Amino acid sequence: MLRFLSLKFGRLYRCGKFLLVAGLFVVVLMNTHSLLASFQRNELTDRRFVGLNKCPACFGTSWCRKFMNGQVSFETWGRLRFLDFFNVKNVYFAQYGEPREGTRRVVLKRLGSNQELADIDQKICKRATGRPRCDLIQSMYKTEFARLNGEVRLLTPEVVEGWSDLVHCPSQRLLDRIVRRYAETKDSGSFLLKNLKDTERMQLLMTLAFNPEPLVLQSFPSDEGWPFAKYLGACGRMVAVNYVGEELWSFYNAPWEKRLDLAKQLMDIAEQLTNNDFDFALYLLDVSFDNFAVGPRDGKVIVVDAENVIVADKRLIKQNKPENYDAWYESRAEECDKEACLSFSKDILCSRVTVDHNYYAVCQNLLSRHATWRGATGGLLHDPPADVIGDGRLETLLDECAKPSRQYGRFQAAKDLREYLTQLSSATGNSVR
Ligand SMILES: Nc1ncnc2c1ncn2[C@@H]1O[C@H](COP(=O)(O)OP(=O)(O)O)[C@@H](O)[C@H]1O
Ligand SMILES: [Mg+2]
C-alpha cells in the first residue's frame, strides 16, 4: 500500500513538474515578441518613459540629448520592464557611452516611488485647479513653484524653509550656494535667480520640494572632496549619478583588515560632514548599510543616498546665537524596534554649533555591536582578531561612541576611535585596497 502511494506521488510530482515547465515555456513563447522588443528597444530614448513630457514639473533637462541620442541604456536585466514591479525604489543601473571615452556605469533614479511621483502630480493639480487631474505643465505656472518668476533676485529662506531636509533651516549662504551650483541650466555659476529661465527656476524648486538629493550632490560635489556620488545630469523625471560600487552591506563579512579600513573611512566621513572649512554641518539622517557604497578600484566609501541630509550653517548659528547655541549637543541613543533608526531633533541639529549626531549615527547603525541589519547583529566590526579582543579598547570605544556613559563621552570616543582604527590599520599592514 505504502509503495503504491509513493509510486503514485512520484508520478504526480513528475507530471506536475512537466506541466510547470511546459506552462513556463508557453508563457515565454507568448511573450517572445515583447521580450525581444524589450531587449531591442532603448526605452530611455522615450520621452514619456523618462518623464520628459512632465517638464517643468521635472528635475531637469541637461542630459536629455544624451538620453535621446541613445547614449544611455539599461544593463541587461534592467531592460525587462516587468521587473519594474520589484523595483520599488525606482533605481536603475545603466551604461553611458561617450563617443571617445568608452562606456561607464551610471545609476538612474526617479527620486521616489511611483506612488510618491503620482502624489506630487496630484498635489500640483490640486493646488492649481482644485482637481486631482489636470494639464500638468499649465498648472505648474499656478503653483508656488512659479512664485519666484519675475523680479525676485535671490532664493530666500522664507520661501523654501522646511520644504525638505536640505532646507530645514536654510541660510542665505546655503541657498546662494544651491543656486550657484545648480547644474540644470546652460550657464550655471550665478546665485542670481534672474540668470535662470522660468522653467529652470521651477525645476529647481520642484526638486527642492520633492527630493533634494540632486541638489545636495551638486552643492557639495564629489570633485571637491565631498563623500557623495557624482551628479551627472537629469532628463525629465530621471536623474543620472555615477555608479559607485557595491553596497557597504556586501562587505559585512569581508576580511578584518578591509572592514577596519571601511570603518575608519566611515568615521572620517562623520568628521568631515560635521567639521569642515565651509562651516556647513551636514547631518546624515538615514544611515544604514545600503546607503553607502564602496568604489571597486580605490576602495573609497561614498554616501549614495543623500535624500535625508540636514544642512546647518554653523556661521549663521554663531551669528544668531539661539538659546544654548554653544552648548555641546549629545544625541541620546533610544531603543526602537526597527533596524537602523536614529533619534534626533531637526530643530536642535539646526541650532547648535557642536553636535555629535554623525558619530552617533555611524557608531550605532554601522560599526558597533548595537548595529543590526537584515537580521545580522554585531556591526561592521564584528569578530575582531584575538589580540584586539584581548586589548578590549575597541569594544569600549565603540560602546562609548554608540551609547556614551559619561558626559561628552561620545566626542572623546569618536576622536579616540579614529586614532585607534588608524593605528590598527597601519599595524595590519593595510594592503586591502
Ligand atoms: N551611485 C550609486 N552607486 C551604486 N549604487 C547605488 C548608487 N545609488 C544608489 N545605489 C543603490 O541603489 C539603492 C537604492 O538607492 P537609494 O538612493 O538609497 O534609494 P532610496 O532613497 O529609495 O533608499 C542603494 O541602496 C544602493 O544599493
Ligand atoms: Mg536608500
Pull out all pairs, ordered by first then second residue, where Cβ-Cβ is under 8 Å, the residues are six or more apart or on different chains, the first lies in region 161-180 and is closer than 12 Å to Ser219 by Cβ, and the second is in a loop (DSSP other than H, G, I, E, B) and small (Gly, Ala, Ser).
Val179/Ser190; Arg180/Ser188; Arg180/Gly189; Arg180/Ser190
Search region 237-250 for residues that are at negative phi and modelled with pLDDT of 95 or more and pair each with any residue that is among the aromatic types (Phe, Trp, Tyr) and within 8 Å of ligand 1 (Cβ to nearest atom) when their beta-carbon atoms are under 9 Å apart and the residues are at least 6 apart or on different chains.
Tyr243/Phe93
Please verify whether region 320-335 includes one or more residues that are over 19 Å from Arg173 (Cα atoms), within 16 Å of ligand 2 (Cβ to nearest atom) and aromatic (Phe, Trp, Tyr).
no
Under the condition of being in contact with a Ser or Thr (Cβ under 7 Å, 6 or more places away or on another chain) and among the small types (Gly, Ala, Ser), which residue from region 195-250 is surrounded by the fewest Cβ atoms within 10 Å (Cβ to Cβ)?
Ala209
Name the residue that is nearest to the chain's Cα centre (by Cα), counting only residues in region 289-328 that are small (Gly, Ala, Ser) and more than 18 Å from Leu111 (Cβ to Cβ).
Gly295
Which numbered condition in (1) within 16 Å of ligand 1 (Cβ to nearest atom); (2) small (Gly, Ala, Ser); (3) at pLDDT 95 or above is the only one that Ser351 fails?
(1)
Enumeration of residues in region 105-162 that are under 30 Å from Leu349 (Cα atoms) and within 16 Å of ligand 2 (Cβ to nearest atom):
Lys109, Arg110, Leu111, Gly112, Ser113, Glu116
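Hey, which of the helices (runs of 4 or more DSSP H) in region 60-161, taking only ones fully inside, have at least 3 residues that are within 16 Å of ligand 1 (Cβ to nearest atom)?
114-129
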Cβ contacts < 7 Å: first residue farther than 17 Å from Val241 by Cα, restricted to region 62-90; second residue away from ligand 1 (no atom under 16 Å from the Cβ) and modelled with pLDDT under 70, any location; separation 6+ or different chain. Result?
Arg79/Ser38; Arg79/Phe39; Leu80/Ser38; Arg81/Ser38
So which strands (runs of 3 or more DSSP E) stay within region 248-354 end to end and still have 2 or more residues that are closer than 25 Å to His382 by Cα?
292-294, 301-303
Restricting to region 136-192, and then to whatever is among the β-branched types (Val, Ile, Thr) and surrounded by 19 or more Cβ atoms within 10 Å (Cβ to Cβ), can you tell me which residue is farthest from the chain's Cα centre (by Cα)?
Thr143
Name the pairs whose Cβ atoms lie under 9 Å apart, with the first residue in region 199-215 and among the acidic types (Asp, Glu), the second in a helix (DSSP H, G or I), and 6 or more positions between them or separate chains?
Glu213/Leu166; Glu213/Thr207
Of the residues in region 232-264, those that are more than 16 Å from ligand 1 (Cβ to nearest atom) and more than 30 Å from Glu200 (Cβ to Cβ) number 11
Among residues of region 288-325, those that are crowded, with 16+ Cβ neighbours inside 10 Å and either free of Cβ contacts under 8 Å to residues at least 12 places away in the same chain or in contact with a Ser or Thr (Cβ under 7 Å, 6 or more places away or on another chain) (or both), counted:
4
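The values are calculated or read from the model by the stated rules, or taken from the named source; none is laboratory data. Just so we're clear, the structure is a prediction, and the values are computed from it rather than from any experiment. Glycine gets a Cβ as well: all are built from the backbone with ideal geometry, and neighbour counts include every protein chain shown.
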